[in-house]
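What follows is a short report on a single structure.
The values are calculated or read from the model by the stated rules, or taken from the named source; none is laboratory data. Note that this is a predicted model, so its numbers are computed, not measured. A quick note on method: Cβ atoms are made from the backbone with ideal geometry, for glycine too, and the neighbour counts reach across all protein chains shown. Heavy atoms of the whole protein, side chains included, go into the accessibility calculation; ligands, DNA and RNA do not. Shrake-Rupley method; radii C 1.70, N 1.55, O 1.52, S 1.80 Å.
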Amino acid sequence: DAMVIQNPRYQVTQFGKPVTLSCSQTLNHNVMYWYQQKSSQAPKLLFHYYDKDFNNEADTPDNFQSRRPNTSFCFLDIRSPGLGDAAMYLCATSVTSGAVLSGANVLTFGAGSRLTVL
Amino acid sequence: AQKVTQAQTEISVVEKEDVTLDCVYETRDTTYYLFWYKQPPSGELVFLIRRNSFDEQNEISGRYSWNFQKSTSSFNFTITASQVVDSAVYFCALYGQNFVFGPGTRLSVLP
């Protein structure tokens with residue numbers, strides 16, 4: 001089945017030790033998103049790729065970086081995780097041509113990667 | 001600016017009761033989408049429904065129904081005859097220029 005797959009599901013890292021989370025999709029969607037979700041909060045958008053174009057949210061810390069080497073894969077790099085970065089990281093995809101009412105504009109989410117920082 | 005408000009932080013009901021989750025949104029866009037997502041304890045956000053701003057028809061899907069009223073900027077979600085498996089956090093979301101999620105409502109359905 002077409003889907004969004006995130007690895008690893010659970011990641012434990014030490015304070016300051018870089019970590020990379022991956023996301024792959026078989027939906028051939030042109031937009032990929034990374035969200036951070038802390039306990040009992042709504043998902044917070046970190047950044048997204050519209051095709052190859054990278055769009056960073058204004059309040060996303062520099063500590064967070066992303067790569068999208070091809071349509072199917074997207075990576076989230078946390079260069080120096082702090083205790084406050086412990087969260088669920090959700091990858092999502094959508095297909096859109098840009099106009100609001102075009103395409104599905106439905107976010108399809110992966111199961112998430114839960115990051116613990118010790 | 002876009003904003004989604006879900007005033008109910010937590011709701012508990014007994015199985016088979018009906019429950020309505022409220023969602024109120026703010027946007028200056030004339031064209032937009034509204035969504036409901038379910039997040040069970042497993043963590044994955046599951047898409048439930050999308051409604052565009054030009055379609056105010058209510059929708060029913062099995063035990064789920066949605067009431068979209070532009071006059072009150074509301075997009076409420078009702079679960080009829082709730083079941084334990086409905087226990088989850090439910091997010092209302094708005095897409096105009098970008099996606100905005102509400103804070104979520106945690107629904108607990110007790111046996």
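Largest first, the three principal axis extents of the alpha carbons in the protein assembly as shown are 48, 42, 35 Å in whole numbers. Pairs exceeding 23 Å between alpha-carbon atoms, taken from A:K44/B:K16; A:K38/B:K38; A:K44/B:K70: A:K44/B:K16; A:K44/B:K70. Shown is the FRET efficiency for B:S42 and A:E57, computed with R0 = 41 Å from the Cβ-Cβ distance and rounded to the nearest 0.05: 0.95.
Taking every alpha-carbon pair in segment B:33-84 and binning the separations at 10 Å intervals from zero gives 22, 51, 24, 3 percent. For B:Q97 and A:A86, the FRET efficiency from 1/(1 + (r/R0)^6), where r spans their Cβ atoms and R0 equals 45 Å, is about 0.90. Three principal axis extents describe the C-alpha atoms of segment A:11-103; from largest down they are 42, 27, 22 Å. Extending 7 Å from the Cα toward the beta-carbon at both B:I11 and A:N70 defines two label points whose distance is 4.5 nm.
For the protein assembly as shown, the Cβ-based charge dipole about the Cα centre amounts to some 460 debye (Lys, Arg positive; Asp, Glu negative; other atoms uncharged). The residues of chain A expose, per residue, 48 Å² of accessible area to a 1.4 Å probe.
Per-residue extension of 0.36 nm, minus the Cα-Cα distance of B:K3 and B:D18, leaves a gain of 2.7 nm for this segment. Excluding B:V13 itself, calculate the net charge of residues whose Cβ lies under 14 Å from the Cβ of B:V13, where each Lys or Arg counts +1 and each Asp or Glu counts -1. With Lys, Arg at +1 and Asp, Glu at -1, the net is -2. In this structure segment B:1-64 gives 58 Å² per residue of accessible area when probed at 1.4 Å with all protein chains present.
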